[in-house]
Amino acid sequence: MTAQRVALALIGALLVLFLALPIVSLFASASATDVASGLRHPLVWPALRLSLTTTLITLAIVVTLGTPLSWTLSRRQGRFWQALESAIQLPVVIPPAVAGVALLLAFGRRGLFGAVLGGAGWSVTFTTTAVVMAEVFVSAPFFVQAATSAFRRIDPQLVLVSRTFGASPLRVFFRVAVPLAAPGLGAAAAMAWARALGEFGATLMFAGNLPGTTQTLPLAIYTALEADLRAAQAISMALVVVAFSLLWFVRVTLKSSLEVS
Amino acid sequence: MSACCRLWALVALLIAVGCSRDKADGRLVIFAASSLREAFTALGTDFERTHPGVRLVFNFAGTGELHTQLTHGATADVFASADQRHMDELVRAGRVGEPVVFARNEPVLVVSQDAAGTIRGLTDLPRASRIVVGAPEVPIGRYTLQILDRAASHHGGDFRARVEAKIVSRELNVRQVLTKVRLGEAQAGVVYRSDTLGASDLRVLEIPAAINVVAEYPLATVTGTPHPGLAHDWTLLVLSEAGQRGLARAGFSAVQR
Amino acid sequence: MSLVARLGARVGELTIDVDLNTAGGTLVLVGPNGAGKTSLLSLLLGALPAERGRLSIGDTLLFDSEQGVDLPVERRRIGYVPQDHALFPQLTVRDNLAFAVQSASAPMHRVDGALRDFGLEALAHRRPRSLSGGEKQRVALARALSVDPRALLLDEPLAALDVPARAEVRAFLAQTLRDRGLPSIVVTHDPTDALALGQRVAVLEAGRVSQQGIWDELAAAPATRFVEQFVAAASGRV
């Protein structure tokens, strides 16, 4: 029996090792001076500020619009709703660069909607708004899928008795569904946040690459990579630290909210 | 054999096949800047015809990317770069042999159709509302900045500043610059002449020779290549009249030999 | 006041076609596993859509397929205590009651009233997971009744209790049902519970009511083998 347990542990350890080694190498192969000079790179701080700002806005949009959608999806059956659920997953399957092209074709100057917006004098390409749009496009499906699962795990009897008391659909959503699904919703938000933080291909294509306006951390890393591997390495470490802290923070708050219930 | 064992056997087989390919003979691996795609692919067909049994494998990518790959030990036989800087670094690191310039590529100004009336030459560039250029970290971006600096003598000391005020994106790839202008997202951009071939939906404007910075493309054999003879043959083909004609067709300028 | 239901619907593999009447008291709904008892409760509540029929409580019409009347769950005001109580796990007993009262837009003093009536004052600040089976049952019942429902549906109210608690809760439940006088339907599989809780019995087999009436009627002329066995078990003459 112990041999079997060890074997199982080893198989898991193999994967963990493979995932951890590149990240560890990222940190281990840089000296302190490399890191210091890399972090002083002029690309870093504007990119960090931009990434944090845009991903927070993206998260707000995705959670606000995505939670009611996920709730509806979790409650409905039928072919239409199943098809809708699958359609929402499409941005996950499309390569990010293609997603960028699609966004251009929709909202670019000559795009389907862009032409209409252009008439009103609005144009989103090359703006920070475009960065948020790209981030929402790629991260929303992650949130919706995880949130829908979280809502599906709620005991349907709790929802039913709430309705028998006379609770309106809005009351059921805000006072029953969301609090009960909160841990799952938090995890879904964390996943969407991480995806938005790492978004590169669609942003580059649709929003462009201008420091301070559209150059997020991943774009800054890639730009630095063209010239100086060490700088790119330092900025990558910054991104990993930021992402890790965010995920850690979400897990910690999740744990405490789980303990309350 | 259980399903799981069969799956692992298949994986092992694929790995073995994949690894063994590295030692395949008659395979010449050429790392080349992406602007050389059309020209080199055409030359490659000629090469394979005159060298039966040899298969050419191209890796077209940004020069910086290729440079990083070669620095970290990627397997290649020949490296064709879009600028001297990356090549010089590899020479210093001993990763490549003596380079030879095989082509020259001129930056040109591209203007979208709807801005063709406003922008008729380099002087008019600051009048564009949205300009896209390469990032300073990529060769075309560096050349663009040099051109803007040199333009000061003709168009005023603040020319570069006035242009930079209109720059909305610094792309990591010259093809991206071209695409943005073609899509009408930007009104003007600076790309290589070779990129503009067949782009009939754009207006191509010359940059005055006195101001222009011409990119010189060097070619070198990677040290430790198992096919030094073939690599040399490729270099000869590129430098030959046929090779230079092929490059000219793709928009490059010939080198004086 | 009575709950009168004539409903037909297809639920999964089962076709449900029933005619029920609480006739002014408590109707006990019994039947073998898979007969559709829980699905029938869902149909009455409006949680599952009925295809045809009519449902009324007293003079209030809740569902009528011919007239196109179909009140949603939140408007039917039928109290429901499911098999696993469905108490909100993260709320105290008091807050569980408060949630129901607020959902019904009823005055908050109902919460204190319910705590008092059901002897829950000492448990007001406890969380459901710290309560015994019998206590949870009392809280669920108090909660359902705190909003003054038109009728009451109970699904296997005693099934999860251990033997000592069972007798106590059975007596309490029977008393409460008598006192309140609401049209009620209690689903149970236990003959003793059925006898104690309801004056009338409806036997559901494969989605249809085999027999409905007072105990004596069923005992005198059982319509099916199941009815015969059930009545015999209830009377203790197995």
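We did not get these values from a lab; they are worked out from the coordinates using the rules stated. This is a predicted model, so every value here is computed, not measured. When we count neighbours, we look across all protein chains shown, and the Cβ atoms used for this are built from the backbone with ideal geometry, even at glycine.
A few notes on this one:
- Applying Stokes-Einstein at 37 °C and 0.692 mPa s to the Kirkwood radius of chain A, computed over alpha-carbon pairs, gives a translational diffusion coefficient of 158 µm² s⁻¹.
- When all alpha carbon pairs of the range B:194-257 are counted in 10 Å bins from zero, the resulting P(r) reads 17, 37, 30, 13, 3 %.
- Across all directions, the average projected area of the convex hull around the alpha carbons of the protein assembly as shown is 47.5 nm².
- Kirkwood hydrodynamic radius of the range C:1-126, from inverse mean 1/r over distinct Cα pairs, in Å: 16.6
- Span-like helix ranges in chain B, DSSP H, alpha carbon extent 15 angstrom or more, Kyte mean at least -1.0: B:3-20, B:37-50, B:139-150, B:228-239
- The Stokes-Einstein estimate for the range C:87-149, based on a Kirkwood radius over Cα pairs and taken at 37 °C with 0.692 mPa s viscosity, is a diffusion coefficient of 294 µm²/s.
- Working from Cα pairs under 8 Å separated by at least six residues, relative contact order for chain A is 30 percent.
- Sorting A:191, A:133, A:205 by the number of Cβ atoms found within 10 Å of their own Cβ, with the fewest placed first, yields A:191, A:133, A:205.
- Cα convex hull of chain B, projected area averaged across orientations, nm²: 17.5
- Computed over the range B:56-205, the ratio Rg/Rh where both radii use C-alpha atoms and Rh is Kirkwood: 1.02
- Those trypsin sites (Lys or Arg not before Pro) in the range B:92-162 that DSSP places in a loop and that have at most 14 other beta carbons within 10 Å: B:120
- Per-residue Cβ neighbour rank within 10 angstrom, fewest leading, A:61, C:57, C:16: A:61, C:57, C:16
- Qualifying trypsin sites (Lys or Arg not before Pro) for the range C:45-141 [loop in DSSP, other Cβ within 10 Å: at most 16]: C:126
- Taking other Cβ atoms within 10 Å as a rough exposure proxy, A:129, B:45, A:216 sort from fewest to most as B:45, A:129, A:216.
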